[in-house]
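I have placed the structure first, in the form of structure tokens, so that the comments after it can refer back to it.
Throughout, read-outs are computed from the coordinates displayed, never taken from laboratory work. Please read these numbers as outputs of a predicted model, since none were measured by experiment. All Cβ positions, even for glycine, are placed from backbone atoms using ideal geometry, and neighbour counts span all protein chains on display.
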């Protein structure tokens, strides 16, 4: 029992929950926008991986994490372009196209990383260190957990708020939602469905790139092959649980981050009941359980994954 | 070929099918070559010696009897798992979890082979394959049930279940099934000799018996899809779930069955790889067989014969890729780029836009005045 208390009620646990939620939060917000627009991205994982890679290269060359972040977002966008052409302009199968994106991203980042840095050289790059917010970070438990995060955590929450507002309160958002729910209606009022969907996809790709950067520049300060390790797939499930709402994506991401933090804490406190491989399995199992509970309650955008042909 | 329905001669139907198949083979062949060219261009951009890499690729895949044997061994798991992915695709289900199902199959198989009672030759491999079928079946039925009863997308659940299966196997090979005499590696003891799948020598060539098993399974699947009520129901669901429901087909039951069988095939692939190639289960057992299986199924247009052809090709590519890495220092990860590029071109070529383009093109070739009007 004492062990359980040490695991859950501590600044270290809450801090880790938030820290680990940042990548899936950013990717989840992006995917919510994209799916609202009717484009599903199984390639979210690949975009994140490209982002993680681009960010490390950018930060390594420039010595500046912000330039690294920009490079990561650019890499996410760049690798999503074929997916956009195939699924939006050509009307191809979005799921299969996404799978191909993942394969290319994994192969390409592994290959390019070895070409650039060799097998032995593991570059350490400048990243985003935790930032103590004055006064607030002095609050017991909540201070060192919530208000001592890297700047990306605050950026992610702010993006969630802004995109929630745009999605439900702006003309842009109305168009995005129409493109995913009833593209024919959008087309009939003279708005290009293709262009609207491209907008939503590019927002998603940039955020997925940022999510990858949050892993490489916010957690490990280097690149490791396949370092996203399924976070993109978790984010895909997260979007369904969050009912395609960017604000809910923020909340659900923190819950998922907590699941991942449990896994890490279990290892750290040395709970011998569960072997560590099984604790690493926990986030995926919890994601499945939560997804299972929420699957029937939400309603997916009606034209999700369906190409629009005039 | 404008015979009235019911009077079509069997010969005509077979000829038409042959023409269709030849056309599909040529089209997919071109797409695969295009994918290879794109990847070669990528290699050239990074300053690699493309000529040397190509030479190593060809020699390592078809250059010698040993190379061919390697190619066939590489083709075996992706063929059998690819048949599984194809099977689900015919019912409109995208099984991206073949990797996890393959791991579960191999796990069940290794438990029977290494920790079960010692069995003599023909019984031991059969027992392994049966165990693997059960393991894969259960791991495939799970996402089937999740889709049919809970409304969860099989795309996402199978992806996530890959990780769950991987960590279960990782734990098993580190702890309860770990071989203490295994030189410190996290793997199980070797599958005993009587349980292994032998390589058969036919006319100077080496045929892995797992590959023969795959060919038999391909024929069996073809039979099930085209000659049984069950297979017909699956294909109707794949073409139109709404029509299937109206026709009184139990979509839920068939969905679970399709994914379970798909998983069972991936599980058999795991046992074939275990008993025919690696002999030990480890947490580096699969270099992404499940994803290659998906590529193979897609390139093979989800038909058993197409899957066989695609698996042989990608098996050769895997074997050649290994020698490319050893001889020309080109990392094997470029193989992933080839696979991804091939699928991307494939999806683009089958998209609505491509279909309407080829339709317009054909119209224009037949009646040049249509375009001008």
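Grab the DSSP H runs of the protein assembly as shown that are 4 residues or longer, score each as -39,500 (n - 2.57), total them, divide by all residues and round the 222 nm result to the nearest 500 deg cm²/dmol.
Working: 28 runs with 481 residues, N = 683.
That calculation yields -23500 deg cm²/dmol at 222 nm.
Within a 10 angstrom radius of the beta carbon, how do B:359, B:103 rank from fewest other beta carbons to most?
Fewest-to-most Cβ neighbours within 10 Å comes out as B:359, B:103.
Hey, could you get me the Stokes-Einstein D for the stretch B:80-172, Kirkwood radius over alpha-carbon pairs, 4 °C and 1.567 mPa s, rounded to whole µm² s⁻¹? Write down the numbers at each step before the final one.
Numbers: Rh = 13.8 Å.
This corresponds to a translational diffusion coefficient of 94 µm²/s.
For the stretch A:142-267, count all C-alpha to C-alpha pairs, find those more than 17 Å apart, and express that count as a whole percent of the total.
Working: 5188 of 7875 pairs.
When all Cα pairs of the stretch A:142-267 are counted, 66 percent exceed 17 Å.
Based on the alpha-carbon set only, what is the convex hull volume of the stretch A:11-132 divided per residue, in Å³?
128 Å³
Kirkwood Rh over Cα pairs of the stretch B:129-237 into Stokes-Einstein at 25 °C, 0.890 mPa s: D in µm²/s? Can you show the working numbers first?
Details: Rh = 17.7 Å.
The Stokes-Einstein estimate is 139 µm²/s.
Using Cα-Cα distances under 8 Å and only pairs 6 or more residues apart, what relative contact order does chain A have, in percent? Don't jump to the answer; show the numbers that get you there.
Details: 603 pairs, mean separation 113.6, N = 310.
Once divided by the residue count of chain A, the mean separation gives 37 percent.
How far is helix A:151-169 tilted, in degrees, relative to the longest principal axis of the Cα atoms in chain A, given as a value from 0 to 90 rounded to the nearest 10?
With both axes taken from Cα atoms, the answer is about 30 degrees.
What's the exposure ranking of A:25, B:219, going from fewest to most Cβ atoms within 10 Å?
Working: A:25 32, B:219 12.
Ordered from fewest to most neighbouring Cβ atoms within 10 Å, A:25, B:219 come out as B:219, A:25.
Taking the Cα atoms only, what angle lies between the long axis of helix A:94-117 and the longest principal axis of chain A, rounded to 10 degrees?
50 degrees
Averaged over every viewing direction, what's the projected area of the C-alpha convex hull for the stretch B:257-373? Give it in nm², one decimal, please. Intermediate results must be reported in sequence, preceding the final value.
Numbers: hull surface 45.2 nm².
Taking a quarter of the hull surface, the average projection is 11.3 nm².
Tell me, Kirkwood radius of chain A from alpha-carbon pair distances, in Å?
On the way: mean 1/r = 0.0507 Å⁻¹.
Mean inverse Cα-Cα distance, inverted, gives 19.7 Å.
Per the Cauchy relation, a quarter of the hull surface: what is the mean projected area of the convex hull of the alpha carbons in the stretch B:49-329, in nm²?
Numbers: hull surface 63.6 nm².
Its Cα hull, projected and averaged over all orientations, spans 15.9 nm².
Just from the alpha-carbon atoms, what are the Rg and Dmax of the stretch A:234-310 in angstroms?
Reported Rg and Dmax, both Å: 16.0, 60.
If you take all C-alpha pairs in the stretch A:99-186, what percent of them are over 16 Å apart? Each step should come with its number before you reach the end.
On the way: 2875 of 3828 pairs.
The proportion of pairs with Cα distances above 16 Å equals 75 percent.
Averaging sequence separations of C-alpha pairs under 8 Å and six or more residues apart, then dividing by the length of the stretch B:49-329, give the relative contact order as a whole percent.
Working: 570 pairs, mean separation 117.6, N = 281.
Reported relative contact order: 42 percent.
With r defined as the distance between the Cβ atoms of residue B:355 and residue B:229 and R0 fixed at 30 Å, what FRET efficiency is calculated, to the nearest 0.05? The partial results should precede the final answer.
On the way: r = 31 Å, r/R0 = 1.04.
That pair, residue B:355 with residue B:229, gives E of 0.45.
Regarding the stretch A:200-243, what is the average projected area of its C-alpha convex hull, in nm²? Let's see the in-between values first.
Working: hull surface 14.0 nm².
Reported value for the Cα convex hull: 3.5 nm².
Evaluated at 37 °C with a viscosity of 0.692 mPa s, what Stokes-Einstein diffusion coefficient in µm²/s does the stretch B:1-114 have when Rh comes from the Kirkwood expression over alpha-carbon pairs?
Working: Rh = 18.8 Å.
The Stokes-Einstein estimate is 175 µm²/s.
Once the Cα atoms of helix B:123-150 and of chain B are each reduced to a long axis, what angle between those two axes, in degrees from 0 to 90 to the nearest 10, is obtained?
60 degrees
Could I get the Rg over Rh figure for the stretch A:133-176? Both from C-alpha atoms, Rh via Kirkwood, rounded to two places. Please report the intermediate quantities before stating the final value.
On the way: Rg = 15.0 Å, Rh = 12.1 Å.
On the Cα set of the stretch A:133-176, Rg over Rh gives 1.25.
Hey, fewest Cβ within 10 Å first, where do A:62, A:188 land in order?
On the way: A:62 15, A:188 9.
Final ranking by Cβ density, sparse to dense: A:188, A:62.
Please give the Cα centre distance for the stretch A:92-134 versus the stretch A:210-244, rounded to the nearest Å.
11 Å
Give me a single rounded figure for B:171-178: the average over its residues of other chain Cβ atoms within 10 Å of their Cβ. Mind showing how you got there, number by number?
Working: counts 8, 2, 1, 3, 3, 1, 0, 0.
That average works out to 2.
May I have the convex hull volume per residue, in Å³, for the Cα set of the protein assembly as shown?
Values: hull volume 132.1 nm³, N = 683.
Considering the Cα atoms of the protein assembly as shown, their hull volume per residue is 193 Å³.
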